[in-house]
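Since the structure comes first, as structure tokens, the remarks are kept for the end.
Coordinate-derived values only; no laboratory data. Given the structure is predicted, the values throughout are model-derived calculations rather than measurements. Glycine gets a Cβ as well: all are built from the backbone with ideal geometry, and neighbour counts include every protein chain shown.
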Amino acid sequence: MTHAFSRAADEKVDIRVGTVVFTIMHFVPLLAFFTGVHWSAWIIMAVLYLARVFFITAGYHRYFAHRSYRMGRFMQFLMGVAGTTAVQKGPLWWAAHHRHHHKHSDDQEDIHSPKRGFWWSHTGWILCKKYDKTHHDLIPDFTKYPELRFIDKFDWIAPLLLGVAVWGLGYWITGTGVGAWGITLVGFFLSTVLTWHATFTVNSLAHVFGNRRFATRDTSRNNLWIALATGGEGWHNNHHHYPGAACQGFYWYEIDTSWYVLKALSWVGLVSGLRRPPAHVLEKHLIKKGAADLGMFQTHWERAVKALADAQAKAGDVAIEQKQALEEMLSATRAKVEEFAKASAEKAASLMPNKEPEAVN
């Protein structure tokens with residue numbers, strides 16, 4: 001995607017301990033070439049990958065960020081601890097930043113929009129110290145729990161314990177320290193890196209590649225391959241249309257493994273109140289029925305304005321008049337499109353039967 005937005009001077013990858021550790025983690029699994037790898041390491045890797053993708057998807061995202069279902073306080077604590085094993089910081093930090101993303105999705109304030117560049121949206125923003133802070137004001141509903149504040153502050157404890165446990169399991173399986181390290185390098189370190197990048201694709205790729213069912217004010221897409229890799233998070237256009245749903249695959253053919261596990265947990269009483277999109281929501285803002293796609297309209301115009309701005313920087317004042325004319329046309333056209341979209345929505349609402357009010361997220 002063309003960079004529609006420029007980053008501020010303090011929005012950069014900072015070279016510090018966290019950045020160095022993050023980088024080294026990508027090369028650590030290669031040491032397995034020297035230790036050898038027991039076949040069980042690949043099973044452990046798959047189990048830890050799938051489990052931690054679930055904890056991020058169902059826990060950090062659908063529960064802590066969107067409260068799309070309910071859990072008791074102890075189960076909530078366990079989900080938070082399990083989420084930290086994915087080494088993506090604490091649940092309060094993660095959910096607060098995600099709530100900010102939904103409030104400003106793909107606009108100038110969205111800190112990880114791909115409009116700021118692919119690598120920035122994928123990993124760069126995480127390595128920027130500007131975004132280290134947990135914004136408790138964005139997540140007061142969970143900040144009130146001292147145990148969640150604790151695991152958010154000490155988010156390194158659970159990953160460390162998990163790594164030690166994998167090493168111990170490896171020693172029990174192989175009977176040697178070298179064999180234990182081989183299992184740890186693949187089972188723990190490689191699965192961690194894979195979990196990272198699977199999760200990050202939702203920011204960097206699910207706003208660029210895929211199909212749009214609903215007209216939203218962002219560029220979110222539905223992408224089967226990302227859904228398969230992330231436990232259902234790839235149905236991202238669905239999610240941005242109705243963030244309050246515990247499922248992101250809205251139809252039976254949209255594979256959403258995190259939803260299947262949540263359903264199973266609800267059968268034994270560990271979670272409850274799983275929200276699904278109401279029937280009338282599924283019929284709102286459908287692009288195939290002519291809904292004005294303001295998100296893509298905005299994006300195309302931003303690209304055009306950015307291209308003219310770049311041309312102006314290279315050619316002096318030659319493009320100033322063209323840029324001003326385009327900006328005026330953008331403003332006028334956007335106003336007309338929004339007026340049309342509002343009128344269409346009001347007309348559609350008047351034709352619908354009365355429904356219960358939707359949950360607000």
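Quick check on the exposure proxy: order 209, 55 from fewest to most C-beta atoms within 10 angstrom. Walk me through the numbers before you get to the answer.
Numbers: 209 14, 55 26.
Arranged by neighbour count, lowest to highest, 209, 55 become 209, 55.
Pairs 130/153; 115/288; 103/289; 115/153; 89/263: which are spaced more than 19 Å apart, C-alpha to C-alpha? Spell out each step's value before the answer.
On the way: 130/153 17 Å; 115/288 25 Å; 103/289 26 Å; 115/153 31 Å; 89/263 26 Å.
Flagged as over cut-off: 115/288; 103/289; 115/153; 89/263.
For the range 17-282, what is the relative contact order in percent, using Cα pairs closer than 8 Å and at least 6 residues apart in sequence? Reported as a whole number, the value is 25 percent.
Its Cα gyration tensor gives the range 176-299 an equivalent ellipsoid. The semi-axes, each the square root of 5 times an eigenvalue, are 33, 20, 9 Å from largest down.
Size descriptor for the range 115-179, Kirkwood hydrodynamic radius: 15.4 Å (Cα pairs only, one decimal).
With all pairs of separate Cα atoms included, the range 65-197 yields a Kirkwood hydrodynamic radius of 16.6 Å. In order along the range 77-87, the Karplus-derived 3J(HN,Hα) couplings, from 6.51 cos²θ - 1.76 cosθ + 1.60 at θ = phi - 60°, round to 4, 4, 5, x, 4, 4, x, 5, 5, 7, 6 Hz, and Gly and Pro are given as x. Starting from the Cα of residue 14, step 7 Å toward the Cβ, then list every residue of the range 119-139 with an amide N under 12 Å from that point. Only 126-134 fall inside the zone, counting backbone N under 12 Å. Using the Cα gyration tensor of the range 17-282, with a ≥ b ≥ c the square roots of its eigenvalues, what is the shape: rounded (a/c below 1.5), prolate (a/b larger than b/c) or oblate (neither)? In terms of gyration-tensor shape, prolate.
Looking at the range 10-107, the trypsin sites (Lys or Arg not before Pro) that sit in a DSSP loop and have at most 12 other Cβ atoms within 10 Å of their own Cβ are 16.
Rounded, prolate or oblate, given the Cα gyration tensor of the range 24-138, with a/c below 1.5 counting as rounded? Write out the running numbers ahead of the final one.
Details: a/c = 2.49, a/b = 1.32, b/c = 1.88.
Oblate is the answer for the range 24-138, as a/c is 1.5 or above yet b/c matches or exceeds a/b.
Our coupling estimate for the range 161-177, obtained by passing each phi through the Karplus curve with A = 6.51, B = -1.76, C = 1.60 and θ = phi - 60°, is 5, 5, x, 5, 5, 5, 4, x, 5, x, 5, 5, 6, 9, x, 9, x Hz, Gly and Pro reported as x.
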